[in-house]
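Okay, so here's the structure we're looking at.
The values are calculated or read from the model by the stated rules, or taken from the named source; none is laboratory data. From a predicted model like this one, the values you see are computed outputs, not experimental measurements. No Cβ is skipped: glycine too gets one built from the backbone with ideal geometry, and neighbour counts run over all protein chains shown. What goes into the accessible areas is simple: the full protein's heavy atoms, side chains included, and nothing from ligands, DNA or RNA. Shrake-Rupley method; radii C 1.70, N 1.55, O 1.52, S 1.80 Å.
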Amino acid sequence: MEALLPSPASFSQPKIAHILHRHSTSHHVIPRCVKIETHRRPPYRPIPNMTNIITSIRPSSWQSLISSFCNAVDDFIDAKLEAPLGPDVDPKRVLAGNFAPVDEIPPTECNELEGQIPPCLKGGLYIRNGPNPQFPPSSGYNLLDGDGMIHALAFHKDGSRITLSSRYVRTHKHLEEEFAGRPIFPNVFSGFRGYAGMARVALTALRVALGLIDPGKGVGVANTNLLLFNNKLFALGESGLPHELHVTPDGDIQTSGAFDFGGKLMTRMTAHPKIDPRTGELFAYRYSILYPFLHLFRVTADGVKQPDVSISSMGKASIIHDFAITSRYAVFPDIQIVLDPAHIFKGANGTAVYFDRSKVSRIGVIPRYATNGSAIRWFDVPGLNFLHTLNAWDEDGDEIVLIAVNFSPAQNFMEKVSAMHFTVENIRINLNSGIVVRKPVSCRSLEFGVINQRFVGKKNRYAYMCMAAACAPVPQMGGVVKLDFDAPDGVVACTTFGEGCFCGEPFFVPRSNDPCSEEDDGYIVVLTHNDNTQISKFVVMDAQSHTLEIVASVKLPQRVPFGFHGLFLSAKDLAATQRD
């Protein structure tokens, strides 16, 4: 098995060597001010069911020759055809500061703790997903394109040890590129633009035709979210299948491989599925560039996937990053950010993902146990474009309340994200009259929010969210707020972490498993990074405090780049996954 992997020496080469090699002939260079970590990567310990994945990427001699030719063409596209890059896709800017990639580390002691770790965290695991490119990009780069890396903070049972490990999600794409020693799959969100994008379409088709890459085995990066379901832990990204993860007794993270629910899941799944805490069912979907563009499905509490329900009433494929469920319905956005590969061929400014000014945003409502996609009803909601929902619930028999984060102006989505405003809205949909009423919950710019997971699909009051930092790139956020949906101004508590210190998405950890406990009885946990000191910390806050009082903070042994979504596994949850 070990012989099928690159040699340990190839793992231990520092990232800076990859930069020098990759950019020796390219005009896109990460500047000297960007610090790239040079920790030596420990040899990866593969697990048995990855044998077929690794065997499949070993090339024959003729493939090596053709591969070298394709790589040369790839370099030519990067150097000669790439149009000037905007600030939100230029790797010199996007991968600066705490967005710069880090190397993997095994479980490493966190030796500095301030305060006391609450009992509910002991024996558990905080785990966060995010982009961390394996190789420096030589062309445009969007954070959504980065290889998934898991950062896991383990609170060992006796409470005396806390360790951090950082490991790549070893997707098929990651393994193929690791073997090749360079990127060979184009970046989905930033690689298909203008004349260079057209050329990459042709080059990718050639690589597929010659058997150099097999998109059927997965092109996803699994860099977005995490899911604990049916005693299994998954890394999620909407461009591919879930990848099952295994947590070792010492807190290390291993990738078991792609997971397709016994062959019943086709190609990909949303990174934001919903678990109904009352029934234990998982509700999810996948969207596609091919008609029909949206497919809803359900997985029973014991892990059996039910048939897809294809929704054929969408005229174009749009980015559907998140949705919501109530006790009776699933609620989908159909926003103005459109996904159309043919749009690449519109000329120098053509992109596969773009803002469609002529489109009217809609909300789709479908019974969550529907067996036919024709059961969906669409409600026009001009100007409503959201990537994330907080919750939804049924009210008064014929109304649905949706809490979601509207972003504007939507035309800034791809290349001016730092100039957008994020407004949390209460959206009330009357199913009888068809009237949709919107009102802001707070006027502050807030994103990346979570609720107490016990309240998914039913009426709740609180959310915990990030404040957007002025002129800062998402997901680098300025602080954490507690949001009360019933309060006049929405925000009832707020904290920041000092000058030059930013954070990512918070997560709510209940103090106990008591189903009768108050909704906000627990702790907010979050990762922070100080740009001035270059120190990353794990911070624990009292969710019921009027100031979100910090009760504990842990200095991390390695910088943790800003990422996307996280999850906390209690000691009981963690033990269940390890038994399975």
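Filtered by the rule that a residue be under 30 Å from Met198 (Cβ atoms) and surrounded by 22 or more Cβ atoms within 10 Å (Cβ to Cβ), region 319-331 gives a lone residue, Ile320.
Apart from one condition, Ala205 fits all of (1) touching a Cys at 6+ places or on another chain (Cβ under 7 Å); (2) free of Cβ contacts under 8 Å to residues at least 60 places away in the same chain; the exception is (1). Filtered by the rule that a residue be open to solvent by less than 30 Å² (accessible area, probe 1.4 Å) and under 28 Å from Arg278 (Cα atoms), region 400-429 gives Ile400, Val401, Leu402, Ile403, Ala404, Val405, Val424, Glu425, Asn426, Ile427, Ile429. Remark: pairs (first residue in region 417-445, farther than 17 Å from Ala404 by Cα; second residue open to solvent by 30 Å² or more (accessible area, probe 1.4 Å); Cβ separation under 6 Å; 6+ apart in sequence or on different chains) = Val417/Asp88; Val417/Val474; Ser418/Cys471; Ser418/Pro473; Leu431/Asp398; Asn432/Asp398. Among the residues of region 501-519, is there at least one that is more than 22 Å from Phe155 (Cβ to Cβ) and part of a strand (DSSP E or B)? Checking region 501-519: at least one residue is more than 22 Å from Phe155 (Cβ to Cβ) and part of a strand (DSSP E or B). The sole residue among Gly257, Gly251, Gly263 that is surrounded by fewer than 24 Cβ atoms within 10 Å (Cβ to Cβ), without any contact (Cβ under 8 Å) to a residue 40 or more places away in the chain and of a type outside the set (A, V, I, L, M, F, W, C) is Gly263. Scanning region 181-200 for residues that are more than 25 Å from the chain's Cα centre (by Cα) and either open to solvent by 20 Å² or more (accessible area, probe 1.4 Å) or among the polar types (S, T, N, Q) (or both) yields a count of 3.
Can you name every residue in region 505-527 that is open to solvent by less than 10 Å² (accessible area, probe 1.4 Å), under 20 Å from the mean Cα position of the chain (by Cα) and not aliphatic (A, V, I, L, M)? Matches in region 505-527: Pro506, Phe508. None of Leu548, Leu556 is touching a Lys or Arg at 6+ places or on another chain (Cβ under 8 Å) and either open to solvent by 60 Å² or more (accessible area, probe 1.4 Å) or closer than 20 Å to Pro101 by Cβ (or both) except Leu556. In this structure, Leu206 does not qualify as open to solvent by less than 40 Å² (accessible area, probe 1.4 Å), hydrophobic (A, V, I, L, M, F, W, C) and touching a helix residue (DSSP H, G or I) at 6+ places or on another chain (Cβ under 8 Å). Selection within region 465-482: residues that are under 13 Å from His388 (Cβ atoms) and at pLDDT 95 or above. The member of this set that is surrounded by the most Cβ atoms within 10 Å (Cβ to Cβ) is Met465. Would region 345-356 turn up any residue that is of a type in the set (A, V, I, L, M, F, W, C) and part of a helix (DSSP H, G or I)? For region 345-356, residues of a type in the set (A, V, I, L, M, F, W, C) and part of a helix (DSSP H, G or I): present. Residue check: is Ile451 at pLDDT 95 or above and within 26 Å of Gly563 (Cα to Cα)? Yes; evaluated as a whole, the condition is true for this residue. Total residues in region 332-389 satisfying the condition of being charged (D, E, K, R) and open to solvent by less than 40 Å² (accessible area, probe 1.4 Å): the figure is 4.
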